[in-house]
Amino acid sequence: MPSPAQSPARPVIAVMPLWDDDRQSIWMLPGYLDGIAEAGGTGIVLPLTTDPAALAQLLALCDGVLLTGGHDVSPALYGQEPIGPSVVTCPLRDRMDAAVLRLAMDKDLPVLGICRGIQLMNAALGGTLWQDLPTQHPSSIDHHMTPPYDRVAHEVRILPETPLHHLLGHDTLGVNSYHHQAVRDLAPALEPMALSPDGLVEAVYAPNQRFCWGVQWHPEFSHEKDASSRALFRAFVDACR
Ligand code: MN
């Protein structure tokens with residue numbers, strides 16, 4: 001018989017902590033937890049640790065993993081040097097997020113990666129990133145919008161026959177956009193689900209996993225206004241049941 005931890009009424013989602021360099025402290029944006037709660041789950045912010053025993057213990061308590069936004073992914077993860085001072089990293093988060101992703105994929109736990117989360121997934125699984133879009137991939141598309149962040153910054157084309165297309169049922173989607181890095185070479189384990197007009201991969205999934213999705217936009221900023229953001233959180237939380 002499945003234990004309550006395996007099929008709870010409200011799945012428990014491990015939320016990767018954000019890091020504040022000035023305060024030398026973890027912190028959290030309420031939107032991640034609110035988006036999960038509104039979709040019927042309970043988010044729990046993990047401590048910032050790379051201790052394998054602690055991470056295994058924590059993940060055993062959880063039904064899914066949310067890879068949050070935040071610092072740039074260290075180019076070291078994909079074998080490059082930082083191109084300049086615009087690349088601001090948190091190596092401890094890189095190590096923790098990559099370890100948690102590996103544990104979750106080993107257990108086939110649902111994973112949703114948001115912004116840094118999609119980038120981390122891609123880098124940890126063998127892909128590469130644009131380190132700085134304005135210098136490496138200049139375009140007229142506004143990927144780095146100003147507040148408020150619950151507005152549409154650009155459209156993405158949702159690729160047919162992908163889980164995202166099945167979920168939303170349409171070919172285009174207006175998204176917010178607050179990122180200066182992005183997927184460059186896609187990791188072998190990932191497939192694209194959405195492309196920006198300037199050709200960036202803005203959503204991915206791992207076909208070999210039950211639910212392992214990443215999006216480059218920010219449903220945590222837009223879930224109150226935007227039904228597709230709520231649908232994304234709901235698909236994720238439902239997969240965690
Ligand atoms: Mn974008």
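Laboratory data are not the source of any read-out in this text; all were calculated from the coordinates shown. Model, not experiment: these values are computed from the prediction. Here the Cβ positions follow ideal geometry from the backbone for every residue, glycine too, while neighbour counts run over all protein chains shown.
Please list 114-122, 227-235 highest first by mean number of surrounding beta-carbon atoms within 10 Å per residue. Don't jump to the answer; show the numbers that get you there.
Details: 114-122: 27.3, 227-235: 19.7.
Result, highest mean first: 114-122, 227-235.
Calculate the translational D of the chain in whole µm² s⁻¹ from Stokes-Einstein, where the hydrodynamic radius comes from the Kirkwood formula applied to all Cα pairs, the temperature is 25 °C and the viscosity 0.890 mPa s. If you can, show how the numbers build up before the last one.
On the way: Rh = 17.8 Å.
For the chosen part, D equals 138 µm²/s.
What nm value, rounded to one decimal, do you get for the distance between Ala54 and His166 when each label is placed 7 Å out toward the C-beta?
So the two model labels end up 3.8 nm from each other.
Once amide H atoms are placed 1.01 Å from N in the peptide plane, what residues at a sequence separation of 5 or more from Cys212, or on another chain, have their amide H within under 5 Å of its amide H?
Val111, Ala206
Rounded to the nearest 20 debye, what is the charge dipole size of region 12-239 about its Cα centre when +1 sits on each Lys and Arg Cβ and -1 on each Asp and Glu Cβ? Write out the running numbers ahead of the final one.
On the way: 13 positive and 27 negative charges, 56 e Å.
Around 260 debye, computed over region 12-239.
Suppose we take every Cα in region 161-241 and form the convex hull; what volume per residue is that in Å³? All intermediate terms of the calculation are to be shown ahead of the outcome.
Working: hull volume 8.3 nm³, N = 81.
It is 103 Å³ per residue.
For n ≥ 4 DSSP H runs only, could you compute -39500 (n - 2.57) per run for the chain, divide by its residues and tell me the 222 nm figure to the nearest 500? Don't skip to the end; give the middle numbers.
Working: 8 runs with 70 residues, N = 241.
Using -39500 (n - 2.57) per qualifying helix, the result is -8000 deg cm²/dmol.
So, counting K/R as plus one and D/E as minus one, what does the shell of residues with Cβ under 11 Å around Lys107 add up to? Working shown, then result.
Details: positive: Arg102, Arg210; negative: Asp63, Asp106, Asp108.
Computed value for this residue: -1.
What dipole magnitude, in Debye to the nearest 20, does region 83-128 give about its Cα centre under +1 on Lys/Arg Cβ and -1 on Asp/Glu Cβ? Show your work: numbers first, answer last.
Details: 5 positive and 4 negative charges, 19 e Å.
Approximately 100 debye in magnitude.
Just to verify a number: FRET efficiency for Asn208 and Asp22, C-beta to C-beta distance, R0 = 41 Å, to 0.05?
0.55
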